[in-house]
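The values are calculated or read from the model by the stated rules, or taken from the named source; none is laboratory data. Since this is a predicted model, take the numbers as computed values, not measurements. Cβ placement follows ideal geometry from the backbone for every residue including glycine, while neighbour counts extend to all protein chains displayed.
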Amino acid sequence: MRINMGPSHPSMHGTVRIALDLDGEVVRKAEVEIGYLHRAFEKTAENRTWNQVVPYTDRLNYVSPVINNVGYVMAVEKLLGIEVPERGQYVRVLMSEVSRITDHLTCNAANAMEVGAMTVFIYLMEAREVFYHLIEDVTGARLTVSYARVGGVTGDLTPGFLDGLPRAIRRLRVALDESSRLLMKNRIFYDRFRGVGVLPRGTAVEHGITGPVGRASGVDYDVRRDLPYLAYDRLSFEVPTGTLGDSYDRFRVRMEEMEQSVRLIQQCVRDMPEGPVSADDQRVNLPPKEDVYRDMEALIRHFKLLMPGHGIRPPAGEAYSAVEGANGELGFYVVSDGTDRPWRVRCRPPCFFAVSALDKMIEGGMLADVVPTFGSINMIAGELDR
């Protein structure tokens, strides 16, 4: 029998279709079809100024948008030869790790709920909400934050953020501990995840899969450690890996990565120097708003940076910048022809590669295993969009 898992299945995204050939309840063949979300991020970027692209990056992986912002602006900064001040680097790292935590909480909460663990879903989503309040305190938004700017970030950390961060970390650790005790040795959860959706290491490497999905299969690669950027080379953390590469390992790796993100956040707060959070470079940095209202030079600079036909103008050339997104290596390749708009923007979306191997994970398994396996790879439609 040939059936469709999605786009209308209640536990599937409405933006992907999996056509299954079944023999009873055994999946003999699977065809994964993407493309039900047409945002055209890359083409749109060619028709916007360099700064106007930032809000569109929010909508790639909208669960961890700060990381998308940072990845894109770092590519533009490479074209311009701009060095972000040290405090700005630490702020970017800290906010990226907060975003990673919210992403992993969302993935594991939904993954647990899909096999009936509603209590774990509530615990993890409550913890996520605490971090969303902190993100909102700094950026003014919960999801579409547009926090990074070429040369730095929109603003420094707020007192409310720094005061609330220790409480948020405590709440997170309680939620992780409770969820681990409820699930990781639970016979039902273990049987539904262990040995299910196995992705061998060789297959993960062949498909270019990175991030938690790749590391769960034993691919010991993390951009933060192996190609360090910003302040990561000054921080200490471990990279959790798995052995079997099944849904259980993918769930466990994300749980452990959240603890490592907490470790990074605490080091950032401890080691962060004083100083500006954005480069003092008039080619990219907007003047303070109070200066715009009272100083003609500042008003002209503000106007020229924001108006189409002016704005940021990187020299002609190309650059690639990669960061460790919540799903793996998130890369941006940008090409400049010297004008105020990118000639080309290309995104390397990490979950695209994991989805490309989904058919191999579910073929030979049971129909009931398709949903938890699909949930364990954390498909984000906006990031997947080609």
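Checked against (1) crowded, with 19+ Cβ neighbours inside 10 Å; (2) closer than 19 Å to Arg348 by Cα; (3) at pLDDT 95 or above, Lys78 passes all but condition (1).
Comparison of Leu60, Leu20, Leu79, Leu37 shows that the only residue that is touching a Pro at 6+ places or on another chain (Cβ under 8 Å), among the hydrophobic types (A, V, I, L, M, F, W, C) and not in a helix (DSSP H, G or I) is Leu60. Among the residues in the range 310-331, are any buried (at least 21 other Cβ atoms within 10 Å of the Cβ) and on the phi > 0 side of the Ramachandran plot? Yes, there is a match, as at least one residue in the range 310-331 is buried (at least 21 other Cβ atoms within 10 Å of the Cβ) and on the phi > 0 side of the Ramachandran plot. Of the residues Gly195, Gly245, Gly208, the single one that is touching a Leu at 6+ places or on another chain (Cβ under 8 Å) and surrounded by fewer than 23 Cβ atoms within 10 Å (Cβ to Cβ) is Gly195.
Out of the residues in the range 1-26 that are surrounded by 18 or more Cβ atoms within 10 Å (Cβ to Cβ) and either small (Gly, Ala, Ser) or in contact with a strand residue (DSSP E or B) (Cβ under 8 Å, 6 or more places away or on another chain) (or both), which is farthest from Ala381 (Cα to Cα)? Among them, the one singled out is Leu20. Screening Pro228 against (1) free of Cβ contacts under 8 Å to residues at least 12 places away in the same chain; (2) surrounded by 17 or more Cβ atoms within 10 Å (Cβ to Cβ); (3) assigned to a loop (DSSP other than H, G, I, E, B) leaves a single unmet condition, (2). The test for being without any contact (Cβ under 8 Å) to a residue 24 or more places away in the chain, of a type in the set (Lys, Arg) and buried (at least 18 other Cβ atoms within 10 Å of the Cβ) does not hold for Arg100.
Of all residues in the range 179-190, at least one satisfies being among the β-branched types (Val, Ile, Thr) and either in contact with a strand residue (DSSP E or B) (Cβ under 6 Å, 6 or more places away or on another chain) or part of a helix (DSSP H, G or I) (or both).
Residues in the range 148-163 that are part of a loop (DSSP other than H, G, I, E, B) and under 22 Å from Met74 (Cβ atoms): 6 in all. Only one of (1) touching a Ser or Thr at 6+ places or on another chain (Cβ under 7 Å); (2) within 18 Å of Tyr62 (Cα to Cα); (3) touching a residue at least 40 places away in the same chain (Cβ under 8 Å); (4) of a type outside the set (Gly, Ala, Ser) fails for Ile135. Which number is that? Of (1) touching a Ser or Thr at 6+ places or on another chain (Cβ under 7 Å); (2) within 18 Å of Tyr62 (Cα to Cα); (3) touching a residue at least 40 places away in the same chain (Cβ under 8 Å); (4) of a type outside the set (Gly, Ala, Ser), only one is false for Ile135: (1).
Checked against (1) closer than 24 Å to Tyr132 by Cβ; (2) among the polar types (S, T, N, Q); (3) assigned to a helix (DSSP H, G or I), Gln52 passes all but condition (1). Within the range 131-147, restricting attention to residues that are among the polar types (S, T, N, Q) and in a loop (DSSP other than H, G, I, E, B), the residue that is surrounded by the fewest Cβ atoms within 10 Å (Cβ to Cβ) is Thr144.
A quick yes/no check of all residues on (1) among the aromatic types (Phe, Trp, Tyr); (2) touching a Lys or Arg at 6+ places or on another chain (Cβ under 9 Å); (3) at pLDDT below 95:
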| residue | (1), (2), (3) |
| --- | --- |
| Tyr123 | yes, no, no |
| Tyr132 | yes, yes, no |
| Glu136 | no, yes, no |
| Ala168 | no, no, no |
| Ser179 | no, no, no |
| Leu182 | no, no, no |
| Lys185 | no, no, yes |
| Phe189 | yes, no, no |
| Arg194 | no, no, no |
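In the range 27-39, how many are at pLDDT 90 or above and either of a type in the set (Gly, Ala, Ser) or loosely packed, with under 15 Cβ neighbours inside 10 Å (or both)? Residues in the range 27-39 being at pLDDT 90 or above and either of a type in the set (Gly, Ala, Ser) or loosely packed, with under 15 Cβ neighbours inside 10 Å (or both): 5 in total. Across the range 103-137, what is the number of residues that are more than 18 Å from the chain's Cα centre (by Cα) and closer than 24 Å to Leu230 by Cβ? Number of matching residues: 1. Selection over the range 242-285 of residues that are under 14 Å from Arg100 (Cα atoms) and not hydrophobic (A, V, I, L, M, F, W, C) gives a count of 7. Reported count of residues in the range 231-269, each being more than 23 Å from Ser217 (Cα to Cα) and in contact (Cβ under 8 Å) with a residue 40 or more places away in the chain, is 9.
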